[in-house]
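First comes the structure, then the notes that go with it.
The values are calculated or read from the model by the stated rules, or taken from the named source; none is laboratory data. Since the model is a prediction, treat every value here as computed from it, not as a measurement. Note that we place each Cβ from the backbone using ideal geometry, even for glycine, and neighbour counts take in every protein chain shown.
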Amino acid sequence: MIAQSTGFDIGRFGIPPFELNQGELLGICLYGGQHFFDLRMNLVALFTGRKTNPQLVMHQKLHFVEHFKESNFRSLFFPTTVKRYLASNGNLNEDVLKRLYELDKRVRPATKVKSLGGNPRKWLSLFATLSLSDKIIFDLSGQDPPGAEQTLEIVKQYVDRGGAAVLLENCEDSEDSCNKFIRVQVNPGQG
């Protein structure tokens with residue numbers, strides 16, 4: 001077992017009880033709105049072990065698929081390349097590079113990350129994280145529907161090989177792709 005919860009609250013939102021086991025993809029629907037990013041970051045902090053909650057037992061910490069950020073100064077004078085990003089945020093190995101390059105032929109080691117669109121940028125972060133751990137937490141922000149489907153397929157391949165993942169979703173589109181799917185609830189009288 002990776003994680004187990006009896007249900008807990010984050011502010012005005014209730015997270016229903018759930019279990020996450022090896023070989024499972026758990027979807028958590030946060031619904032869209034101004035609360036999405038704060039709620040997402042609170043859940044990321046819990047699943048990665050940066051915060052604790054007595055109603056959530058993490059037997060193994062998850063790794064968050066970070067969104068790429070680069071300052072304007074760095075982008076102008078020292079732009080991050082794909083190879084440099086993978087070397088500093090993942091485990092630079094041929095399998096990761098090969099899978100990434102197969103998905104988008106325009107991505108090469110010397111490609112500036114800032115020049116990548118939403119899908120290849122997400123895949124870069126995803127493969128960097130998966131090179132470190134097959135137990136991850138991720139979202140589909142910044143991706144178009146075909147790219148999001150491809151991301152889910154990649155994650156499911158790792159999950160099927162014994163990994164585990166939590167998808168933080170802002171709608172219910174991915175419910176059929178998940179082994180388990182729960183919906184955040186607004187607590188009565190608070191919302």
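What to note about this one:
- Taking region 50-59 as the range and being assigned to a loop (DSSP other than H, G, I, E, B) and touching a Leu at 6+ places or on another chain (Cβ under 8 Å) as the test, only 52 passes.
- Residue 41 meets the stated requirement of being surrounded by fewer than 18 Cβ atoms within 10 Å (Cβ to Cβ), within 24 Å of residue 170 (Cβ to Cβ), of a type in the set (A, V, I, L, M) and out of contact with any Phe, Trp or Tyr (no Cβ under 8 Å at 6 or more places or on another chain).
- Test result for residue 133, farther than 19 Å from residue 30 by Cβ and outside any helix (DSSP H, G or I): yes
- Checking each residue in region 90-120 for being farther than 25 Å from residue 145 by Cα and crowded, with 18+ Cβ neighbours inside 10 Å picks out only 90.
- Looking only at residues of region 95-123 that are β-branched (Val, Ile, Thr) and out of contact with any Lys or Arg (no Cβ under 8 Å at 6 or more places or on another chain), we find that the one that is modelled with the highest pLDDT is 111.
- Residues of region 153-175 that turn out to be hydroxyl-bearing (Ser, Thr, Tyr) and either touching a Cys at 6+ places or on another chain (Cβ under 7 Å) or not in a loop (DSSP other than H, G, I, E, B) (or both), as a count: 1
- Only one entry in 167, 152 is closer than 24 Å to residue 24 by Cβ, surrounded by 14 or more Cβ atoms within 10 Å (Cβ to Cβ) and out of contact with any helix residue (DSSP H, G or I) (no Cβ under 6 Å at 6 or more places or on another chain), namely 167.
- Inside region 162-182, residues that are more than 12 Å from the chain's Cα centre (by Cα), at negative phi and modelled with pLDDT of 95 or more make up a count of 6.
- Yes/no for residue 128 being in a helix (DSSP H, G or I), under 16 Å from the mean Cα position of the chain (by Cα) and not aromatic (Phe, Trp, Tyr): yes
- Residue satisfying all of: in region 68-94; in a loop (DSSP other than H, G, I, E, B) and hydrophobic (A, V, I, L, M, F, W, C); modelled with the highest pLDDT among these: 78
- Of all residues in region 1-47, those satisfying the criterion of being part of a loop (DSSP other than H, G, I, E, B), within 13 Å of residue 164 (Cα to Cα) and in contact (Cβ under 8 Å) with a residue 60 or more places away in the chain are 2, 21, 22, 23, 24.
- Region 106-117, residues that are assigned to a loop (DSSP other than H, G, I, E, B) and not aliphatic (A, V, I, L, M): 106, 108, 109, 111, 117
- Among residues that are over 25 Å from residue 42 (Cα atoms), in a helix (DSSP H, G or I) and either over 16 Å from the mean Cα position of the chain (by Cα) or charged (D, E, K, R) (or both), residue 120 is not included.
- In region 67-77, the residues that are surrounded by 11 or more Cβ atoms within 10 Å (Cβ to Cβ) and free of Cβ contacts under 8 Å to residues at least 40 places away in the same chain: 74, 75
- Among (1) at pLDDT 95 or above; (2) surrounded by 16 or more Cβ atoms within 10 Å (Cβ to Cβ); (3) over 17 Å from the mean Cα position of the chain (by Cα) - the single one residue 25 does not satisfy: (3)
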